[in-house]
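**Q** Okay, here's the structure, questions in a sec.
The values are calculated or read from the model by the stated rules, or taken from the named source; none is laboratory data. All values derive from a computational prediction rather than experimental measurement. With ideal geometry, Cβ positions are generated from the backbone for all residues, glycine too; neighbour counts draw on all protein chains shown. The accessibility values were calculated without ligands, DNA or RNA, using every heavy atom of the protein model including side chains. Shrake-Rupley method; radii C 1.70, N 1.55, O 1.52, S 1.80 Å.
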Amino acid sequence: MTTNYQLKRADFIFKNENDWEEVLSKNINRSPQELINELISSELKGRGGAGFPTGLKWKLSAEAVDETKYVICNADEGEPGTFKDREILSRVPFKVLTAMAVCGHVIGAKEGYIYLRGEYFFLQPELNKAIGEFEYYCKEINLDFKIRIFMGSGAYICGEETALFESMEGKRGEPRNKPPYPSSCGYMGKPTVINNVETLAHTFTIFKYGAKRFYDLGVQYSRGSKLFSVSGDTPKPGIYELELGMSLADFVDEFGDGDTKAVQVGGASGFLVPRKRFSETAIGFQGKLTGISLPTGGSMMLFNSSRSMFNVLDNYLEFFREESCGQCTPCRVGCQQLLKGIKAVKRGEKNAQYLDKLLRLAETMQYTAKCGLGQSVANSFSSIVENFREEMIY
Amino acid sequence: MAKNIKITINGVTVEIEPGTTILEAARQTGVIIPTLCYHKDLCVAGNCRVCVTEIVGQKRLTAACATPCEEGMEVLTNSLKVRNSRKHIIELLLSEHNADCTRCYKNGNCELQLLASEYKIMTQDFIRLVPFKKYSIDMFSPSIIKDDSKCIRCQRCVRTCAELQGVNALTVAHKGDQMKITTFFEKTMNDVVCTNCGQCINHCPTGALVEKNYIEEVWDAIADKTRHVVVQTAPAVRVGLGEELGFEPGSRVTGKMVAALKRLGFDAVMDTDFTADLTIMEEGTELLTRLKKVLVDRDEEVKLPMATSCSPGWIKYIEHMYPDYLDHLSTCKSPQQMFGALAKTYYAKARNLDPEKIVSVSIMPCTAKKFEANRPEMHDSGYRDVDYVLTTRELAIMIKQAGIDFMKLEDMHYDRLMGESTGAGVIFGATGGVMEAALRTAYELVTGRDVPFENLNIAPVRGMDGVKEASVKIENPLKEWAFLDGVELKCAVAHGLVNAKKVMDSIRSGETSYHFIEFMACPGGCLGGGGQPIPTSPEIRRKRAEAIYAEDEGMPLRKSHLNPEVIKIYKDFLDKPLGEKSHQLLHTKYTARERF
Amino acid sequence: MNPVSDLIRNLADQYGRNRHNLLPILQGVVEQEKYLSEFSMTEIARELDLPAADVYGTATFYSFLEHKKMGKYIIRVCKTITCSMKGKNQIMLAIEDMLKINVGETTPDGNFSLLQTNCLGFCHKAPAMLINNEVYTELTPEKVREILSSYLKKKGVHNDN
Ligand SMILES: Cc1cc2nc3c(=O)[nH]c(=O)nc-3n(C[C@H](O)[C@H](O)[C@H](O)COP(=O)(O)O)c2cc1C
Ligand code: SF4
Ligand code: SF4
Ligand code: SF4
Ligand code: SF4
Ligand code: FES
Ligand code: FES
């Protein structure tokens, strides 16, 4: 497939992986320091949403002193509009397994876990088969590294790294206070690297082709390519690997249905961008680009003019109200208030100024919530209410 | 030691030890940051978010209770951003809360109410969520009322029940807007492993967990002229009550308390300390008997170590958690129940009263005693031995209701017959006190000499360590106790059920071999009981303990067996410790219960 | 011996008896029983030596660990944004109509329970649903009726009349 747009397709993630054994045996013979440097110079940032530099993450865990450490692959993929991680695990599982083992070698971990969301239960048998084959090879090359699948059971918040640890420890998935951070105190209180499935797949590319191949893609602050999960009002929903840094206008040209009113970038916890801001919005990590730049876990939902933005926001808020772990006040009560609030405005029980109070509340949630869930409710809330205020009222 | 670090709080530079949280640093420098989920006794949760503060340079606010200081941090605790956010959070809590203060038991002593009043939350802009919630109130327990509509979900109770008590009767269930504090399968509190210890009440910032109060019932009884209302006061009440009535923690108000009780209209004001001394006679004798049966008679039926039985929270705990160890419990009733049984027999006879007309009230630092008084087996007098149990807090409420200016009261003495006590009875109120009192008497019974500790103060069993150990070597005993010669009596003391669990597990595993163990359900012993004034904290409990030991030192008699009224009751009524009458009135049996 | 107790013992033998083995064990019971009864949770608490309240608190956190009796087949229809845009309501109506139950209910014969759930990660093929662990995507009312009919014909599913 080719494209005339600025949209640059890439094809690394799903490229065949017959050579994973070679990549593995080659890289576990490199020094941890060398591997970390390679990652750092690639400027790979986490693909799970937060965008933390992966090389630095591994470095911090490598420096932590402990007999026991863990590598965890975050396959909880619960963000509405995201479906790329499942695809990676079902199509190129060995890349992820290899990356985990290399990470284990770098930080000094002998155990890895894949936290797989309960909704993907059907994936388990295949993945276990792959793990069996992988571990067999590890034994052959005398690499002491084991990988287990840990199943989630239907809780979006367990994608948050510390909630995920709690969940694996057999508890309620309530996020922990940070600090301490996972690099020093993660699963079972041990130093832990936790990476998104896609992040790990990219490290495979980097270890195979070298940092430069990766670095040369994308733009400053947002290097490399990324999988985008495209859904909503689009003629071609699906998963696409694109270079970072593209403008949203180009994206909509390619994927829109000609009537795109707004795009939700980054899922329910991301931002809604209205048509008038498409051209000034670049897709990548925070940094000074032209206009705004948005981090994204890769979810791109398109809405055409037939869609009511009130309904969209209503749906998101209901999602957060249910999926909040409920422990902290701003998120637990805030989500209920935002949801009830917009409904009350819509029904005329509260006047339009109440929306401003709710916007301030959303801001408070962003400042004070304990974890990323509560903190990011304001993203979609404010961007929708500010850009589509009339739709909220009438 | 790591070097101190420097931060600024509201522009003022402070030097603190590394690892100090922002909250602790602020408190050290006299800056108050409001908190709700934080409690000194518990691990940090960081979930209420009212303690948020601004760190210059960071967009998001930081929970002061959960964040360690870092070199160079500039903390603002009262910036506009902080104030607005905090106000929002309090408003949010109130929107979910059945804020019906005038009808709330905690009105006037509620952390949420205090915060709302500090921040002058006068309007309710947010939508009231209460009508949409299916809140329920659990009033089935004789000790505790749990009202979900008053709960702010700070999880202090859950942490208390798990960390201090190791009972885990409470849990957080569900998530999101449905999240709530509840029990296994949302059963009532009296239908689960709850020990009624009331520690969750003491640690709850709101009216969501309170004691079941019997104030009106007691007023009714007092008003009923056909009734003779006797009241007993537990040792720990006299060092706690003052806190509810304007005194500093650690104030001893024994004489004023007696005066107040008389003014309230009780017909006789007597002292649980008396039955505490009696307990020592019974329990001490029981211990020595058991020792003899085990050491001399090699009776396999008789179990050592013997465990004390005066803490009903502990009793319910062992019934649930270690039902196979009930034989280890002393068969002595708690002092409250001994008193109750005697009030309607011995006292009634001596005063020539119809026991049916006696109403027996007790003032306790404890909510488990409410449950205990309700136990079906506690009817050995032929009537219900104790009719109403009030906590220290409830007594304070009655004193206020009666318009008594407590500070101005002249000290008065307890009434006779069951009102005399010794220092040994008083220290029952502190962890280690029963042990100390028992050793003072048992050692002397066996050897004819004072226990070999300076000034009778058995230091190893005092203090706030969770598990304390002591051993006393018996040398040159009197002839009848010759078999104890050279025996090293090994004792342990545990307070807080989580420590009781440690000791019990060590017994089960065979790691330890004690002869005698004192168990108290509550941290610090009864002085930290679930019915004591709120707030509680390690410092407050330490002060109450100091007061108890001061009270002991000030007593002319400090050994239970010297209590003249105890001597008299054996002469006139009971005959001898472990005698037939004792068995009937002062001893009891236990019920194995389900752990799950 | 009760079969659930046996199941729990076997699961504990397989996964271990530590707190961090709790979730796989809960999942194992749900896999077999479709839900966690009071009895199951008590047995798990006993087997793992955990407070029963903690087992309950943990189980109720996870939406796939049902604690009310469920049917043999649990239908979970995605109600999140894309599915909702792409006709989830019609799908719900079709199922409710066919099985004569509302959301949250179980058919009287105990075969089907109907629930809604959040994003299943098949937004590009919305609307989507799960029946037990099986995913069905790009649903239409007709397709749903076909799928349900095929379940109704399955062995073990008995028709009412
Ligand atoms: C509410 C919430 C949900 C999250 N869900 C996921 C998820 O499903 N998958 C994921 O990889 N990261 C998720 N994250 C991000 C993780 O906390 C963590 O940052 C990520 O796994 C780190 O991996 P990375 O550095 O490779 O991105 C979530 C974060 C939050 C706050
Ligand atoms: S922000 Fe929400 S999800 Fe995160 S800890 Fe608070 S209540 Fe839980
Ligand atoms: S709990 Fe506190 S704030 Fe709530 S009604 Fe009672 S006194 Fe008022
Ligand atoms: S009374 Fe004691 S045992 Fe019962 S719930 Fe409260 S803290 Fe737990
Ligand atoms: S019952 Fe009290 S202590 Fe427990 S969570 Fe509610 S408010 Fe907090
Ligand atoms: S007191 Fe700090 S978050 Fe509750
Ligand atoms: S919204 Fe239904 S599968 Fe994602």
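**Q** Output the number of the condition that residue A:305 fails; it satisfies all remaining conditions of (1) within 11 Å of another protein chain (Cβ to nearest Cβ); (2) open to solvent by 10 Å² or more (accessible area, probe 1.4 Å).
**A** (1)
**Q** Counting just the residues of region B:122-154 that are more than 14 Å from chain A (Cβ to nearest Cβ), under 30 Å from residue B:499 (Cβ atoms) and among the aliphatic types (A, V, I, L, M), which one comes out surrounded by the most Cβ atoms within 10 Å (Cβ to Cβ)?
**A** This residue is B:144.
**Q** Need the failing condition index for residue A:346 against (1) buried (at least 18 other Cβ atoms within 10 Å of the Cβ); (2) in contact with a helix residue (DSSP H, G or I) (Cβ under 7 Å, 6 or more places away or on another chain), just the number.
**A** Every condition holds for residue A:346 apart from (1).
**Q** Given the conditions (1) within 14 Å of chain C (Cβ to nearest Cβ); (2) within 19 Å of residue A:204 (Cβ to Cβ), and given that residue A:43 satisfies all but one, which numbered condition is not satisfied?
**A** So residue A:43 meets the others, but not (1).
**Q** Does any residue of region C:86-102 turn out to be open to solvent by less than 30 Å² (accessible area, probe 1.4 Å), assigned to a helix (DSSP H, G or I) and within 14 Å of another protein chain (Cβ to nearest Cβ)? Break it down into steps so the answer makes sense when it comes.
**A** Looking only at region C:86-102, we keep the residues that are open to solvent by less than 30 Å² (accessible area, probe 1.4 Å), and these are C:87-88, C:91-92, C:94-95, C:99, C:101.
If we keep only those that are assigned to a helix (DSSP H, G or I) too, we end up with C:88, C:91-92, C:94-95, C:99.
From what is left, the residues that are within 14 Å of another protein chain (Cβ to nearest Cβ) are C:88.
Taking every residue of region C:86-102 in turn, at least one turns out to be open to solvent by less than 30 Å² (accessible area, probe 1.4 Å), assigned to a helix (DSSP H, G or I) and within 14 Å of another protein chain (Cβ to nearest Cβ).
**Q** Right, another one. Within region B:244-254, identify whether any single residue is open to solvent by less than 10 Å² (accessible area, probe 1.4 Å) and within 15 Å of the chain's Cα centre (by Cα), and answer yes or no.
**A** If we filter region B:244-254 for residues that are open to solvent by less than 10 Å² (accessible area, probe 1.4 Å), which is where we start, we get B:253.
If we keep only those that are within 15 Å of the chain's Cα centre (by Cα) as well, we get none.
Looking through region B:244-254, none of the residues is open to solvent by less than 10 Å² (accessible area, probe 1.4 Å) and within 15 Å of the chain's Cα centre (by Cα).
**Q** On to the next question. Output the residues belonging to region A:349-374 that are open to solvent by 20 Å² or more (accessible area, probe 1.4 Å) and either touching a His at 6+ places or on another chain (Cβ under 6 Å) or more than 16 Å from ligand 6 (Cβ to nearest atom) (or both).
**A** Matches in region A:349-374: A:349, A:350, A:351, A:352, A:353, A:356, A:357, A:359, A:360, A:363, A:366, A:372.
**Q** I need the full set of residues from region C:43-57 which are touching a residue at least 12 places away in the same chain (Cβ under 8 Å) and either more than 10 Å from chain B (Cβ to nearest Cβ) or in contact with a helix residue (DSSP H, G or I) (Cβ under 6 Å, 6 or more places away or on another chain) (or both), in order please.
**A** Residues satisfying the conditions are C:43, C:44, C:47, C:48, C:55, C:56.
**Q** Could I ask something else about it? Testing residue A:378 on (1) under 28 Å from residue B:37 (Cβ atoms); (2) in contact (Cβ under 8 Å) with a residue 60 or more places away in the chain; (3) surrounded by 21 or more Cβ atoms within 10 Å (Cβ to Cβ), one condition comes back false. Which one is that?
**A** Condition not satisfied by residue A:378: (2).
**Q** Restrict the check to region B:39-48 and report whether at least one residue is without any contact (Cβ under 8 Å) to a residue 60 or more places away in the chain, within 16 Å of ligand 2 (Cβ to nearest atom) and touching a helix residue (DSSP H, G or I) at 6+ places or on another chain (Cβ under 7 Å). Break it down stepwise before answering.
**A** Narrowing region B:39-48 to residues without any contact (Cβ under 8 Å) to a residue 60 or more places away in the chain: B:44, B:46.
Okay, now just the ones that are also within 16 Å of ligand 2 (Cβ to nearest atom), so B:44, B:46.
Imposing the further condition that a residue be touching a helix residue (DSSP H, G or I) at 6+ places or on another chain (Cβ under 7 Å) reduces the set to B:44, B:46.
The answer is yes, given that some residue of region B:39-48 is without any contact (Cβ under 8 Å) to a residue 60 or more places away in the chain, within 16 Å of ligand 2 (Cβ to nearest atom) and touching a helix residue (DSSP H, G or I) at 6+ places or on another chain (Cβ under 7 Å).
**Q** Give, as residue ranges, the helices (runs of 4 or more DSSP H) completely inside region A:308-394 that count at least 1 residues that are under 24 Å from residue C:120 (Cα atoms) and away from chain B (no Cβ under 11 Å).
**A** Working: elements: A:309-323, A:329-346, A:354-368, A:372-387, A:389-393.
The qualifying helices (runs of 4 or more DSSP H) are A:309-323, A:372-387.
**Q** Looking only at region A:210-220, decide whether some residue is within 19 Å of the chain's Cα centre (by Cα), farther than 15 Å from residue A:116 by Cα, open to solvent by less than 20 Å² (accessible area, probe 1.4 Å) and at pLDDT below 95.
**A** Yes; the residues of region A:210-220 include at least one that is within 19 Å of the chain's Cα centre (by Cα), farther than 15 Å from residue A:116 by Cα, open to solvent by less than 20 Å² (accessible area, probe 1.4 Å) and at pLDDT below 95.
**Q** Please specify each residue of region A:49-99 satisfying the condition of being open to solvent by 40 Å² or more (accessible area, probe 1.4 Å) and farther than 30 Å from residue C:124 by Cβ.
**A** The answer is A:56, A:59, A:60, A:63, A:65, A:66, A:67, A:68.
**Q** If you don't mind, another one. Hey, any hits in region A:218-231 for a residue that's among the polar types (S, T, N, Q), within 14 Å of another protein chain (Cβ to nearest Cβ) and in contact (Cβ under 8 Å) with a residue 40 or more places away in the chain?
**A** Here is the first cut: in region A:218-231, the residues among the polar types (S, T, N, Q) are A:220, A:222, A:225, A:229, A:231.
Now restrict to residues that are within 14 Å of another protein chain (Cβ to nearest Cβ): A:229, A:231.
From the residues that got through so far, the ones that are in contact (Cβ under 8 Å) with a residue 40 or more places away in the chain too are A:229, A:231.
Yes, some residue in region A:218-231 is among the polar types (S, T, N, Q), within 14 Å of another protein chain (Cβ to nearest Cβ) and in contact (Cβ under 8 Å) with a residue 40 or more places away in the chain.
**Q** More than 13 Å from chain B (Cβ to nearest Cβ) and either part of a helix (DSSP H, G or I) or surrounded by 22 or more Cβ atoms within 10 Å (Cβ to Cβ) (or both): does that describe residue C:13?
**A** On the way: more than 13 Å from chain B (Cβ to nearest Cβ): yes; either part of a helix (DSSP H, G or I) or surrounded by 22 or more Cβ atoms within 10 Å (Cβ to Cβ) (or both): yes.
Judged against the criteria, residue C:13 is a match.
**Q** Those residues that are touching a residue at least 24 places away in the same chain (Cβ under 8 Å), more than 10 Å from chain A (Cβ to nearest Cβ), under 24 Å from residue A:315 (Cα atoms) and open to solvent by 20 Å² or more (accessible area, probe 1.4 Å), I need them from region C:117-151; list them, please.
**A** If the condition is that a residue be touching a residue at least 24 places away in the same chain (Cβ under 8 Å), more than 10 Å from chain A (Cβ to nearest Cβ), under 24 Å from residue A:315 (Cα atoms) and open to solvent by 20 Å² or more (accessible area, probe 1.4 Å), then C:140, C:141 are the ones that fit.
**Q** Which residues, counting only those in region B:95-121, are within 16 Å of ligand 6 (Cβ to nearest atom) and facing another protein chain (nearest Cβ under 10 Å)?
**A** Once the filter is applied, which keeps residues that are within 16 Å of ligand 6 (Cβ to nearest atom) and facing another protein chain (nearest Cβ under 10 Å), region B:95-121 yields B:96, B:97.
**Q** All but one of (1) within 12 Å of chain B (Cβ to nearest Cβ); (2) closer than 27 Å to residue B:176 by Cβ; (3) open to solvent by 40 Å² or more (accessible area, probe 1.4 Å) hold for residue C:20, so report the exception by its number.
**A** (1)
**Q** Here are the criteria: (1) more than 18 Å from residue A:278 (Cα to Cα); (2) assigned to a strand (DSSP E or B). Tell me which single one residue A:235 does not satisfy.
**A** Of (1) more than 18 Å from residue A:278 (Cα to Cα); (2) assigned to a strand (DSSP E or B), only one is false for residue A:235: (2).
**Q** List, please: which pairs have Cβ atoms under 7 Å, are six or more places apart or on different chains, and start with a residue in region A:14-33 that is more than 19 Å from residue A:133 (Cβ to Cβ) and end with one that is open to solvent by less than 70 Å² (accessible area, probe 1.4 Å) and in a helix (DSSP H, G or I)?
**A** Partner pairs satisfying both residue conditions: A:32/A:62; A:32/A:105; A:32/A:106.
**Q** Assess whether residue A:269 counts as being in contact (Cβ under 8 Å) with a residue 12 or more places away in the chain, open to solvent by less than 10 Å² (accessible area, probe 1.4 Å) and either under 25 Å from residue A:77 (Cα atoms) or among the basic types (Lys, Arg) (or both). If you could, list the steps in order and put the result at the bottom.
**A** Details: in contact (Cβ under 8 Å) with a residue 12 or more places away in the chain: yes; open to solvent by less than 10 Å² (accessible area, probe 1.4 Å): no; either under 25 Å from residue A:77 (Cα atoms) or among the basic types (Lys, Arg) (or both): yes.
So residue A:269 does not fit the description; no.
**Q** Counting only residues that are within 16 Å of ligand 1 (Cβ to nearest atom) and not in a helix (DSSP H, G or I), how many does region C:105-135 have?
**A** Quick first cut of region C:105-135, residues within 16 Å of ligand 1 (Cβ to nearest atom) only: C:117-123.
Subsequent filtering for residues that are not in a helix (DSSP H, G or I) retains C:117-122.
Going through region C:105-135 one residue at a time, the tally reaches 6.
**Q** Of these, B:231, B:269, which one is part of a strand (DSSP E or B), away from ligand 2 (no atom under 16 Å from the Cβ) and under 18 Å from residue B:334 (Cβ atoms)?
**A** Values: B:269 fails: under 18 Å from residue B:334 (Cβ atoms).
Of the residues listed, the single one that is part of a strand (DSSP E or B), away from ligand 2 (no atom under 16 Å from the Cβ) and under 18 Å from residue B:334 (Cβ atoms) is B:231.
**Q** Follow-up question, since we're still on this one. Of all residues in region B:155-214 being part of a strand (DSSP E or B) and within 14 Å of chain A (Cβ to nearest Cβ), which is nearest to ligand 1 (Cβ to nearest atom)? Can you show your working first?
**A** Within region B:155-214, the subset part of a strand (DSSP E or B) is B:171-173, B:180-182, B:209-211.
With within 14 Å of chain A (Cβ to nearest Cβ) added as a condition, the list becomes B:171-173, B:180-182.
Numbers: B:171: 23, B:172: 18, B:173: 20, B:180: 21, B:181: 23, B:182: 25 Å.
Step by step, filter region B:155-214, then rank; the result is B:172.
**Q** On the given criteria, is residue A:52 away from ligand 6 (no atom under 16 Å from the Cβ), modelled with pLDDT under 95 and either under 26 Å from residue A:141 (Cα atoms) or away from chain C (no Cβ under 14 Å) (or both)?
**A** On the way: away from ligand 6 (no atom under 16 Å from the Cβ): yes; modelled with pLDDT under 95: yes; either under 26 Å from residue A:141 (Cα atoms) or away from chain C (no Cβ under 14 Å) (or both): yes.
When the stated conditions are applied, residue A:52 passes them.
**Q** Here is a further query. Name every residue in region B:6-50 that is more than 16 Å from ligand 4 (Cβ to nearest atom) and acidic (Asp, Glu), in order of residue number.
**A** Hits for region B:6-50 are B:15, B:17, B:24.
**Q** Follow-up. Would you please name the residue that is farthest from ligand 4 (Cβ to nearest atom), looking only at residues in region A:311-328 that are more than 30 Å from residue B:65 (Cα to Cα) and open to solvent by less than 20 Å² (accessible area, probe 1.4 Å)?
**A** The qualifying residue farthest from ligand 4 (Cβ to nearest atom) is A:312.
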